[in-house]
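The values are calculated or read from the model by the stated rules, or taken from the named source; none is laboratory data. Remember, predicted model here, so these are calculated numbers, not experimental data. As a convention, Cβ positions derive from the backbone with ideal geometry for all residues, glycine included, and neighbour counts pool all protein chains shown. Just the protein is used for accessible areas: all its heavy atoms, side chains included, with ligands, DNA and RNA removed. Shrake-Rupley method; radii C 1.70, N 1.55, O 1.52, S 1.80 Å.
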Amino acid sequence: MHRLLVRRPDTIILLLAGYFVLEFLVRLAMPHGMRYDESQQALFSQWLTLGYDSQPPLYNWVQALVVSVFGLSLATISIVKNIVLFLVFFSYYKLAKLVLSDKVFAAIATLSLLTIPQLFWEAQRDLTHTVAQLLTINLFLYGAIRTLKAPSTGSYIFTGIALGLGMLSKYNFALLAAAAVVAVLMHPQGRARIFDRRFLLTLLISLLIFLPHGLWLIHNLDLASGRTLGIMEQDAPQSAFAKLVQGPLEFVKLVVVICAPTLVIYSLVFGKSLFKNLGRSNEWTRFFEVLFAAIAVLVLILIVAIGMTALRDRWLLPFLFLLPIYVCLKMEVAGIKAADFGKRFFYIPLAMMLIIPALLLVRVTFPALFGAYDHYNTPYPAFVSQAVAMEGKKPGLVLTDNWLPAGNLHLQLPDVPAMSLFFGNLKANYQWSADKPILIVWRPGKNDSGVPAPLASWLHDTLGPQYAAPNIKLADVQYIHGKPGDMASFAYSWVYPK
């Protein structure tokens, strides 16, 4: 396969398609417990609305539409993720070919995404909005660069669509869009493209795409920003000077963490050739240099302006996953022949395509090896079957205090409305009767007793004070692939109208 990729680099498309089919099948073979982002998608799939929470709704809309057609199942949750991931790699390859003359370098750059842990591991397990953002970044930059190289009405329209979708993927897409404007202006043909009247068409189309959610955002700004800003300020020091230093240092640390694996692998594969004549450049290396520099300045300004001290690698991944294209551009400009190193490099991503699915299966099948159970191992299917069988009735509503169990429970009871008080703005229509009681579920802590305060308040305020202290049942269910005696605890109440 590595020799075929050197001879026919476009084979990468079939290779990637096969890889994500494999990842899809592996996910179906894993336990049906879900991690946070999967669970959120299962829960949110009940609504098709202009806004949901602190993230824009693009991925939610796609997931909700798929569920509305094919129904809610682990397959419909997983297939959306893997199709979007395939499109990320596919569009990345198209973008790479747009600026690289050698298709082998484009293939190397694309498969280099499998050397970024936040992409090959975290994106497969737990990222949704970030994955959608990566795709829209590829599309937006493809449109922008295509417009720089060969402007047409079609390229301006395409760029506008990508820009609008990007703003619906994650809000920090705006930073990349602003940085891209700077990079375009610094390009030799950039000013002519920006001051072309067709650029107004780009802006108009993007505005029309974003406008419905933008209006929702104006009226729900606290909901959309409060949680994210709270995370950014976690564990912040009291000193203003310490805040000023901590944020930028955290930024630099995460840049190194994300970029280091790829650069180490490149150093091993390309050796001295990687550093030979790296000072040479062309219009596209300069384009990406300006893009990276502008992003860095904007991020640092944001960090200092709002006192960010806690950053997450997923927030910076969309700005750094373009690194392989830039490094491959540098090597191509330096006269390095991709074919001379391609065979050696391709062994690494090809091996990763086997190792990653195997690790996913091993992690959940033998959790004792890792000293902890993953969310995948939580026995929601067994708990729901047990609770429903013992009661002899299906609920008219499933209510939880947190969204991780809410989505998981909705997956097990897809025809039953589910709500989480964590997302108090999302309310479901439900029936409540003697034949359709409300099922309240929570995961109790070791010293917890009674119904959690948010659930008790909802019962009091929504159903009446006589329902605020329902009878509590406890269930200990063995973890999936767990050791005998290792149990997951659930607390629940069936609430009937009096």
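Test Val327 against the criterion of being assigned to a helix (DSSP H, G or I) and open to solvent by less than 20 Å² (accessible area, probe 1.4 Å), and give yes or no. Here the answer is yes, as Val327 does meet what is asked.
For Leu119, the conditions (1) buried (at least 24 other Cβ atoms within 10 Å of the Cβ); (2) modelled with pLDDT of 95 or more; (3) assigned to a helix (DSSP H, G or I) all hold with the exception of (2).
Total residues in segment 465-498 satisfying the condition of being open to solvent by 10 Å² or more (accessible area, probe 1.4 Å) and either hydrophobic (A, V, I, L, M, F, W, C) or part of a loop (DSSP other than H, G, I, E, B) (or both): the figure is 20. Within segment 29-59, being in a helix (DSSP H, G or I) and more than 19 Å from the chain's Cα centre (by Cα) holds for one residue alone: Ala29.
Yes or no, residue by residue, for (1) modelled with pLDDT of 95 or more; (2) β-branched (Val, Ile, Thr); (3) open to solvent by less than 30 Å² (accessible area, probe 1.4 Å); (4) touching a Ser or Thr at 6+ places or on another chain (Cβ under 7 Å):
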site	(1), (2), (3), (4)
Gln41	yes, no, yes, yes
Leu50	yes, no, no, no
Ser54	no, no, yes, yes
Gln63	yes, no, yes, yes
Ser68	yes, no, no, no
Ser91	yes, no, yes, no
Leu95	yes, no, yes, no
Leu100	yes, no, yes, no
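The rows are residues; the columns are (1) touching a residue at least 24 places away in the same chain (Cβ under 8 Å); (2) under 17 Å from Val495 (Cβ atoms); (3) of a type in the set (A, V, I, L, M).
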residue: Leu404; (1), (2), (3): yes, no, yes
residue: Leu411; (1), (2), (3): yes, no, yes
residue: Val416; (1), (2), (3): no, yes, yes
residue: Phe422; (1), (2), (3): no, no, no
residue: Tyr430; (1), (2), (3): yes, yes, no
residue: Ser433; (1), (2), (3): yes, yes, no
residue: Val441; (1), (2), (3): yes, yes, yes
residue: Gly445; (1), (2), (3): no, no, no
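Only one of the listed residues (Ala162, Ala174, Ala144, Ala183) is surrounded by fewer than 17 Cβ atoms within 10 Å (Cβ to Cβ) and not basic (Lys, Arg). That residue is Ala174. Looking only at residues in segment 439-453 that are crowded, with 16+ Cβ neighbours inside 10 Å and touching a helix residue (DSSP H, G or I) at 6+ places or on another chain (Cβ under 8 Å), the one that is farthest from Trp403 (Cα to Cα) is Val451. Screening segment 124-176 for residues that are over 13 Å from the mean Cα position of the chain (by Cα) and of a type in the set (Lys, Arg) and picking the one that is farthest from Leu22 (Cα to Cα) gives Lys149.
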